[in-house]
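Novice: Mind looking over this structure? Questions follow.
The values are calculated or read from the model by the stated rules, or taken from the named source; none is laboratory data. All figures in this text were calculated on a predicted structure; none of them were measured in a lab. When we count neighbours, we look across all protein chains shown, and the Cβ atoms used for this are built from the backbone with ideal geometry, even at glycine. When the accessible area is computed, the model is the full protein with side chains, heavy atoms only, and any ligands, DNA or RNA have been set aside. Shrake-Rupley method; radii C 1.70, N 1.55, O 1.52, S 1.80 Å.
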Amino acid sequence: KPPPQHVGVVSKDKKVTQQTMARISQETFDDAVTENMEELDMELDEAVTDAISQFEAQGIDLSNILKQAPSADRDAHPVLRGLAALANATRAGMDATRELTFGEGSSQSTMKLKFKALPVTAVPEDEEGGETDAGLGQALDALAVACAEEGEAGERSCALLGTREGIDLLSSACLSLLARPELLSALAALGAGLRSTENCEHIGLRGLLALYAVISERPADAPVQAAAFRACAAAMVGNEANRTAMHEKLRIITTAAAALRAHPEHRECVLAACALLRALTLQDDGRVALNKGFDRARAAADMGCLQLLGAQLKRAAGEAAQGGGGEGGADLQMAAEVLRTLSRLCASAKICETLVKLGALVASVSLLQAHLVEADLCRNASGFLANLAGDDEVKSRCGELHVPEIAASVLAGHSESVGTLDACSQLVAALTTRNSPNCAAFLEAGGADALLSAMRRWPQALGLHKRGALVLRNLAVRVPEAVPSILELGAEPVLRADMEKTLELHDLAKAALRDMRCDVSLAQPWQGMPGEERHLERGDDAEDTFGKYMDTDEARSAMRVAGFDTTQF
């Protein structure tokens, strides 16, 4: 099974928080199992189960532990076998040092990286009968597959790698294998291991410099560039410190732009460069008060990434217009990834204006119109167009390109893809704001019915319902004569149900109902002070406790101290 090509990269700004839990070593766990067997006469399976339950009851995180007794099967775990093969190979190397200078001006620094340099020829089998260097690539590929596996198994493999100092070993191996074919396998294994945000903490500046050295030494090798970019991208997810180091110290955006210029035809290199740029613009580290994703997006625009990615998008649109698409829809995936990356780079009105001038608007609309059945492409194209449509002139241009009608078709045709529906509703909300012709075109294409059907189909998709409420309000305000038909489609029950979900959605749904002339109460009753509760007794028969208190000596004394004249009481 080949190593994964897409590992460790997500492009959402959901805050990532780090959890701190106690851990034990594999030796401690093994000792507990042995003690259960020797002192309590437990069978092997029972001893392992009891040790697990005892440690978990104490709040110990066992994700880094192989929960079985020592055996040959346990030692054959892909992570342990890969690390053992790597350690065996590097023992044959010579001590070497590489000095790297990074940063600019007064912040320029130099770091010496020590590692084991391996010869270009294969290393013979060691005297102890360990795994030969010829099998190193296969062992690293198996390690990468284990760490990239989805679910609990992959998480445990990543945790096992991190606690065995695997991240540091793999980053050093990238330098050791710099001139060897196993370098690709080492980079893939490192990228897979960095899927864990905890492992991203282990790589440190030394590991990032090792990756940067690989990129700098092999600029003409597109597969190596792609694998190194993916490892860099994985190291930056959920880690603002790594992003800052990559941008400010290593100037990784310049390197990515150079790779896009040098290898525009190499699909994996372009996809990896896109993943790297997206990771740089993330704002997902919950430990820092300020994430500088927008600043890095503007820096990428200044480095010429817009022109390079725009050229890729226009080429994909041209192939789509000619009926191309490559093998297995490869060009469609390329177009979707480029659109996704350009959406992350839309950090200012100036950048959006530049993209429109570069023809990205027309190219994305052409792709969307030609491939309405492709959910991934529709989702990314809708998100990109929504960013561009924040400008009023672009809204009008979208109307001329029939984007409102296309959006109505997307809403109707992808009812089972909530991500696509959410992105498309965001696009429609942008198109219908302050633009009556777009509202009319969307309604005429049956967009209101498709939108309401999507909202009914996914009642818990809060993002879809927020944007849906905005769209319905825009339609009611800009095309008031269409309100009766919208209500006939069942808009009022959907919006009233939304009022019961969250406070933000309550306000949006109420505003839409108000503009549709539905019966809503806009009065805000007094509810007392925040965090307090008041019960007021009403009626003529209620007891006057305040008056009784004012007749007491305690009340008169308090008023005299406060400076009031109490002679009248």
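Novice: Looking only at residues in the stretch 341-350 that are in contact (Cβ under 8 Å) with a residue 60 or more places away in the chain and surrounded by 20 or more Cβ atoms within 10 Å (Cβ to Cβ), which one is farthest from the chain's Cα centre (by Cα)?
Specialist: Going through the qualifying residues, I end up with LEU345.
Novice: If you don't mind, there's one more thing I want to ask. As an exercise: evaluate ASP95 against (1) in contact with a strand residue (DSSP E or B) (Cβ under 6 Å, 6 or more places away or on another chain); (2) at pLDDT 85 or above and give the number of the one condition it does not meet.
Specialist: The single condition ASP95 does not satisfy is (1).
Novice: What about PRO181, is it more than 21 Å from ALA89 (Cα to Cα), over 17 Å from the mean Cα position of the chain (by Cα) and not small (Gly, Ala, Ser)?
Specialist: In short, no.
Residues are listed down the side, and each one gets a yes or a no for (1) over 33 Å from the mean Cα position of the chain (by Cα); (2) open to solvent by 10 Å² or more (accessible area, probe 1.4 Å):
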position	(1), (2)
ALA461	no, yes
ARG467	no, yes
LEU475	no, no
VAL479	yes, yes
GLU500	no, yes
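Novice: Okay, next question. Identify, from the list THR281, THR244, the residue that is closer than 27 Å to SER107 by Cα, within 18 Å of the chain's Cα centre (by Cα), open to solvent by 10 Å² or more (accessible area, probe 1.4 Å) and of a type in the set (Ser, Thr, Tyr).
Specialist: So the residue among THR281, THR244 that is closer than 27 Å to SER107 by Cα, within 18 Å of the chain's Cα centre (by Cα), open to solvent by 10 Å² or more (accessible area, probe 1.4 Å) and of a type in the set (Ser, Thr, Tyr) is THR244.
Novice: If you don't mind, there's one more thing I want to ask. Can you name every residue in the stretch 1-42 that is of a type in the set (Val, Ile, Thr), in a loop (DSSP other than H, G, I, E, B) and modelled with pLDDT of 75 or more?
Specialist: The answer is ILE24, and nothing else.
Novice: Within the stretch 351-396, which residues are in contact (Cβ under 8 Å) with a residue 24 or more places away in the chain, open to solvent by 40 Å² or more (accessible area, probe 1.4 Å) and charged (D, E, K, R)?
Specialist: Residues satisfying the conditions are GLU353, GLU374, ASP376, ARG379, ASP391, ASP392.
Per-residue answers, yes or no, for (1) buried (at least 20 other Cβ atoms within 10 Å of the Cβ); (2) under 25 Å from ALA96 (Cα atoms):
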position	(1), (2)
LEU177	yes, yes
ARG206	no, yes
ARG230	yes, no
THR255	yes, no
LEU260	yes, no
GLU268	no, no
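Novice: Which of the residues belonging to the stretch 224-241 are touching a Phe, Trp or Tyr at 6+ places or on another chain (Cβ under 9 Å) and either of a type in the set (A, V, I, L, M) or farther than 16 Å from THR281 by Cβ (or both)?
Specialist: ALA228
Novice: From the list ALA311, ALA299, exactly one residue is surrounded by fewer than 21 Cβ atoms within 10 Å (Cβ to Cβ), under 16 Å from VAL356 (Cα atoms) and modelled with pLDDT of 90 or more. Which is it?
Specialist: Of the residues listed, the single one that is surrounded by fewer than 21 Cβ atoms within 10 Å (Cβ to Cβ), under 16 Å from VAL356 (Cα atoms) and modelled with pLDDT of 90 or more is ALA311.
Novice: So how many residues does the stretch 250-261 have that are among the hydrophobic types (A, V, I, L, M, F, W, C) and either within 12 Å of ALA226 (Cα to Cα) or part of a loop (DSSP other than H, G, I, E, B) (or both)?
Specialist: 4
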